[in-house]
Amino acid sequence: MKKIFHIAHLDLKLTIRDKAFFFWFLAFPMFFILIFGNLYKSNPADKKAALLIVNQDRGQWGNYFVKKLESPDIELDVRTSVPEKIIRMLVIPADFSEKLVTQNSQELQLRKNSAANMEAGAVAETKIVQAIARLLSELIIYGNRNIEDFFAAHTPFNDLVSIETRLPKDTVAVVPSGFDHTIPGTIVQFIMMMVLIYGGVMVLEDRKNRVMERILFSATSFGELFNGKLLGRLLMGLMQAAILIIAGKIFFHLNLGNIFLSSLVVLVFTLAMACLSIFVGSVLHKEELIVAVSVLAGNVFAALGGCWWPAEIIPPTFRILAMVSPAYWAMDAFHQVIFFGKGLASILPNLLILLAFTSVFMVLALRFFKIRE
Amino acid sequence: MQPPILEIKNLSKAYDHGKNPALVNFSLGLNKGEVLGLLGPNGAGKTTLISILSGTLRDFSGSVVFKGMDLFADRQLRNQIGIVPQEMAFYEELGAMENLMFWGGLYSIPEKELKKRAQDLLALVELSSRAKEPIKKFSGGMKRRLNVAIGLIHQPELLLLDEPTVGIDVQAKVSILDIIRQVGLQGTTVVFTTHQLAEVEQTCSRIAIMDKGIILAQGTLNELIRIVGEKDIVIVSGEFSADRFSDAIKPLIHNDIEILSITDNEAHLAFANSEGIPGMMQHLFQQHVSLADLKIKSPNLEAVFLKLTGRSLRD
Ligand SMILES: Nc1ncnc2c1ncn2[C@@H]1O[C@H](COP(=O)(O)OP(=O)(O)O)[C@@H](O)[C@H]1O
Ligand SMILES: [Mg+2]
């Protein structure tokens, strides 16, 4: 065990000593965080499904309808005239009550700005449909009476009609965005790139410098050497994650949800990359090739896996493609923990899939681990 | 008499699926405290032997017993053996001191003791003043010395060096050989391979000559020289082909003149009686073999080597 740490420690030391360490491990990922964090910043004004209501109704039912719309998920702004800028706006026409009482059909208009958040819009629409259904139900049940007076006198009947709308399964009500999405995304991407680049190149260099063979001149076994290399790469990845988490906390008020679960995701994902880096460093024979492959794979899998933009907004067909990227499972687990407050049970499938990736990469690494030229 | 510290028996190893034999029933015993020089031309099998002994080369037959135990049965025996590979092996980015601390860390040596040993070794290989500099700035000779020092950090009982002086200038060579002598004087058993005659002549208590995977002869320098007898070695050179010279010299071959080697433009002959030399020259002249130069030497290791292998070591 001591030898494993001894070997791992040296790889970590050589990584930190590298001239480009500061750039790769801090400056470059911070650049990514700034770019994508601002690009996919959520619109705070629109987070709570803002709904502007222009109530032009001359009768009493317009107001009653607005009351039915009230809900904690929705931010109502009731006015009587149309303002210049709108996000989404519901217009209650002047003859609303009149048509209601005379039982004539009528149309309500919901107008939306093209930039308005789609998911918030869905929430608003759902609430409008609910309110219409409730109002109609009440009118049917208590028709021809003064409903307000009836409810005032019979409070237990207040909730007699309740409508629950269930969104189709897997409908996303919240889309992860902002720095809490971008920083984990950058962490995943840079664990991938840094462990593959540094971990891979150092396997190659060690082989060229014949140091791995020399380590085996001592009583160190092949297994200890392999595990030492694996641990070294695991520590590289964890160090990358720690750097970005600390920077994220200091500069962007990063919230990682349950830190234990987030760390577990980082750990399992890094382990997969540690195995992969030994494989990459063993089968490729040129430093430039390893760097090129690592940067390419890192970026493709990051983009595909939802590190740059949330996988939740990727069309379903592409989402299936995204599942080949280990990054997808890590990011999905992060979103569950950070944005949906889910527990271990929810991310367990993700962790198991990442462990399956790890096993495959581990077998490849063991099979191809090349100690000498 | 003490049992040998290392006993190699019938070691055979062939590359390329048995088509390319590198060691052929190679046997060699080594006594505690001796410094053995293993002399052999390029391709003789020296590196193959050291690689097998270092435990990194597999698929061979034969046995190696170290201090009464099968060398390959227990990894822990590696703690008592130091290996200095032919190709330098260390971390170029690190300093000499850091390298020694890393390599020493693979053996369970207490930190403080390790530090002291590293300092002592740096003094031995004359790198104390450059201890902190990254190795990549070192000269070839300095790297070679560090390469040796790393093999010594765990104070092995047996030190195996594979061509430790290859590719460095004369002064650096002298320094390496000096280190080997000092290590030997401290009681460490040493085997070093080389294709340089002078190195074994100067450094070793015993010499083994190998070629094509086997030991051809072994003993002290004097014992080996006796193989060519008390003869003078004559080296003639000129404009002739090996075949032309062989044909010309044939009638003179009898007990007094022995052919050690003949190549184009150069031949090595051993004369039991130096009075025969003028006669030979006259004969060759009559045969129209033109000689440009003739040297007479007293018997030496080179002559032994030529007699045993039929080829010169200088290539
Ligand atoms: N890895 C290898 N694959 C194939 N043949 C090899 C290999 N290593 C050495 N040989 C061959 O084995 C023979 C002995 O080589 P080596 O042990 O390196 O000799 P030396 O160190 O004395 O120069 C040579 O003929 C060489 O070509
Ligand atoms: Mg060799």
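The values are calculated or read from the model by the stated rules, or taken from the named source; none is laboratory data. Model, not experiment: these values are computed from the prediction. A quick note on method: Cβ atoms are made from the backbone with ideal geometry, for glycine too, and the neighbour counts reach across all protein chains shown.
With respect to B:A217, determine if the residue is within 16 Å of ligand 2 (Cβ to nearest atom), of a type outside the set (K, R) and under 12 Å from B:G40 (Cα atoms). Break it down into steps so the answer makes sense when it comes.
On the way: within 16 Å of ligand 2 (Cβ to nearest atom): no; of a type outside the set (K, R): yes; under 12 Å from B:G40 (Cα atoms): yes.
No, not satisfied.
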Worksheet, complete the sentence: With the first residue restricted to segment A:345-373 and required to be within 14 Å of chain B (Cβ to nearest Cβ), and the second required to be among the charged types (D, E, K, R), Cβ contacts under 7 Å at 6 or more apart or on different chains are A:K370/A:R207; A:I371/A:R207; A:I371/A:E213; A:R372/A:R207; A:R372/A:R210; A:R372/A:E213; A:E373/A:R207; A:E373/A:K208
Practice prompt. Report yes if B:I225 is outside any loop (DSSP other than H, G, I, E, B) and within 16 Å of ligand 2 (Cβ to nearest atom), otherwise no.
Written response: no
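Please verify whether B:N222 is closer than 30 Å to B:S12 by Cα, polar (S, T, N, Q) and modelled with pLDDT under 90, treating the condition exactly as stated. Spell out how you get there, then give the answer.
On the way: closer than 30 Å to B:S12 by Cα: yes; polar (S, T, N, Q): yes; modelled with pLDDT under 90: yes.
When the stated conditions are applied, B:N222 passes them.
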Worksheet item: Of B:L185, B:L177, B:L221, B:L158, which residue is within 14 Å of chain A (Cβ to nearest Cβ) and more than 16 Å from ligand 1 (Cβ to nearest atom)?
Response: B:L158
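State yes or no: is B:A96 under 30 Å from B:S129 (Cβ atoms), more than 16 Å from ligand 2 (Cβ to nearest atom) and among the small types (G, A, S)?
Numbers: under 30 Å from B:S129 (Cβ atoms): yes; more than 16 Å from ligand 2 (Cβ to nearest atom): yes; among the small types (G, A, S): yes.
The answer is yes for B:A96.
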Worksheet entry | Extreme residue, modelled with the lowest pLDDT, among residues of segment A:89-118 that are under 19 Å from A:Q60 (Cα atoms) and among the charged types (D, E, K, R) | A:E107
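Have a look at A:E119, A:E125, A:E84 and point out the one that is in the same structural domain as A:V54 (by TED's automatic domain parsing), closer than 16 Å to A:F65 by Cβ and among the charged types (D, E, K, R).
Values: A:E119 fails: closer than 16 Å to A:F65 by Cβ; A:E84 fails: closer than 16 Å to A:F65 by Cβ.
Checking each option against the conditions leaves just A:E125.
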Response to the item:
With criteria (1) away from ligand 1 (no atom under 16 Å from the Cβ); (2) crowded, with 16+ Cβ neighbours inside 10 Å; (3) more than 10 Å from every other protein chain (Cβ to nearest Cβ); (4) not in a helix (DSSP H, G or I), B:S27 comes up short on (2)
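Output the residue which, of all residues in segment B:49-68 that are more than 14 Å from chain A (Cβ to nearest Cβ) and not charged (D, E, K, R), is nearest to ligand 2 (Cβ to nearest atom). So that I can check it myself, show each step before the final result.
Just the residues of segment B:49-68 that are more than 14 Å from chain A (Cβ to nearest Cβ), to begin with: B:49, B:59-65, B:67-68.
Now narrow it down to the ones that are not charged (D, E, K, R): B:49, B:60-65, B:68.
Values: B:L49: 9, B:F60: 16, B:S61: 21, B:G62: 19, B:S63: 23, B:V64: 19, B:V65: 24, B:G68: 29 Å.
Only one residue fits best here, namely B:L49.
Can you tell me how many residues within segment B:72-83 are away from ligand 2 (no atom under 16 Å from the Cβ) and touching a residue at least 24 places away in the same chain (Cβ under 8 Å)? So that I can check it myself, show each step before the final result.
Initial filter on segment B:72-83 (away from ligand 2 (no atom under 16 Å from the Cβ)): B:72-82.
Pick out the ones that are also touching a residue at least 24 places away in the same chain (Cβ under 8 Å) and you get B:79-82.
Qualifying residue count, segment B:72-83: 4.
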Worksheet, complete the sentence: Just one listed residue, out of B:E230, B:E302, B:E266, B:E239, is surrounded by 14 or more Cβ atoms within 10 Å (Cβ to Cβ) and more than 30 Å from B:L160 (Cβ to Cβ), and it is B:E266
Worksheet item: Residue check: is A:S346 hydroxyl-bearing (S, T, Y) and over 18 Å from A:L261 (Cα atoms)?
Response: no
Worksheet item: Say we look at segment B:269-299 and pick out the residues that are β-branched (V, I, T) and more than 19 Å from B:A242 (Cβ to Cβ); which of these is surrounded by the fewest Cβ atoms within 10 Å (Cβ to Cβ)?
Response: B:I296
Item to complete: Kindly list the number of the only condition in (1) in contact (Cβ under 8 Å) with a residue 60 or more places away in the chain; (2) within 14 Å of ligand 2 (Cβ to nearest atom); (3) not in a loop (DSSP other than H, G, I, E, B) that fails for B:Q86.
Response: (3)
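Only one of B:K132, B:K136 is in contact with an Asp or Glu (Cβ under 6 Å, 6 or more places away or on another chain) and either modelled with pLDDT under 95 or over 24 Å from B:Q182 (Cα atoms) (or both). Can you tell me which? Break it down into steps so the answer makes sense when it comes.
Details: B:K132 fails: in contact with an Asp or Glu (Cβ under 6 Å, 6 or more places away or on another chain).
Result of the check over B:K132, B:K136: B:K136.
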Response to the item:
From the option list B:M101, B:M97, single residue qualifying as within 23 Å of B:T56 (Cα to Cα), modelled with pLDDT of 95 or more and more than 9 Å from chain A (Cβ to nearest Cβ) is B:M101
Worksheet entry | Test set (1) within 35 Å of the chain's Cα centre (by Cα); (2) outside any helix (DSSP H, G or I); (3) within 14 Å of chain B (Cβ to nearest Cβ) - A:M202 fails condition number | (2)
Worksheet item: For segment B:1-51, which residues satisfy the criterion of being under 21 Å from B:L77 (Cα atoms), of a type outside the set (G, A, S) and under 16 Å from the mean Cα position of the chain (by Cα)?
Response: B:L28, B:L30, B:E34, B:V35, B:L36, B:T47, B:T48, B:L49, B:I50
Item to complete: Spot the failing condition for B:L146; the list is (1) touching a Phe, Trp or Tyr at 6+ places or on another chain (Cβ under 9 Å); (2) within 16 Å of ligand 2 (Cβ to nearest atom), and only one is missed.
Response: (2)
Practice prompt. Look at segment B:108-137 and say how many of its residues are within 14 Å of another protein chain (Cβ to nearest Cβ) and either crowded, with 18+ Cβ neighbours inside 10 Å or of a type in the set (A, V, I, L, M, F, W, C) (or both).
Written response: 3
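Would you confirm whether any residue within segment B:191-198 is closer than 23 Å to B:A44 by Cβ, part of a loop (DSSP other than H, G, I, E, B) and among the aliphatic types (A, V, I, L, M)? Explain how you work it out, then say what you get.
Just the residues of segment B:191-198 that are closer than 23 Å to B:A44 by Cβ, to begin with: B:191-198.
Filter once more, so that each one left must be part of a loop (DSSP other than H, G, I, E, B): B:195-196.
Checking the rest, the ones that are also among the aliphatic types (A, V, I, L, M) come to none.
No, every residue in segment B:191-198 fails to be closer than 23 Å to B:A44 by Cβ, part of a loop (DSSP other than H, G, I, E, B) and among the aliphatic types (A, V, I, L, M).
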Worksheet item: Which pairs do you get when a residue that is on the phi > 0 side of the Ramachandran plot, found in segment B:258-286, comes within reach of a residue that is part of a strand (DSSP E or B) and surrounded by fewer than 17 Cβ atoms within 10 Å (Cβ to Cβ), reach meaning Cβ atoms under 6 angstrom, with the pair 6+ apart or on two chains?
Response: B:N265/B:S237
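Considering B:I168, B:I109, which residue is in a loop (DSSP other than H, G, I, E, B) and within 16 Å of ligand 2 (Cβ to nearest atom)? Even if it seems obvious, please write down each step before you answer.
Details: B:I109 fails: within 16 Å of ligand 2 (Cβ to nearest atom).
Within the list B:I168, B:I109, the selection yields B:I168.
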Discussion item. I need every pair where a residue in segment B:34-51 that is at positive phi has its Cβ under 7 Å from the Cβ of a residue that is of a type outside the set (F, W, Y) and more than 6 Å from ligand 1 (Cβ to nearest atom), sequence separation at least 6 or different chains.
Written reply: B:G45/B:L23; B:G45/B:M210; B:G45/B:G213
Worksheet item: Which ones in segment A:78-107 are under 36 Å from the mean Cα position of the chain (by Cα) and surrounded by 13 or more Cβ atoms within 10 Å (Cβ to Cβ)?
Response: A:V78, A:I86, A:I87, A:R88, A:M89, A:L90, A:V91
Fill in: Tally of residues being more than 7 Å from ligand 1 (Cβ to nearest atom), touching a Ser or Thr at 6+ places or on another chain (Cβ under 8 Å) and of a type in the set (G, A, S) across segment B:30-57
2
Item to complete: Return only the number of the condition from (1) over 25 Å from B:Y15 (Cβ atoms); (2) more than 9 Å from chain A (Cβ to nearest Cβ) that B:F90 does not satisfy.
Response: (2)
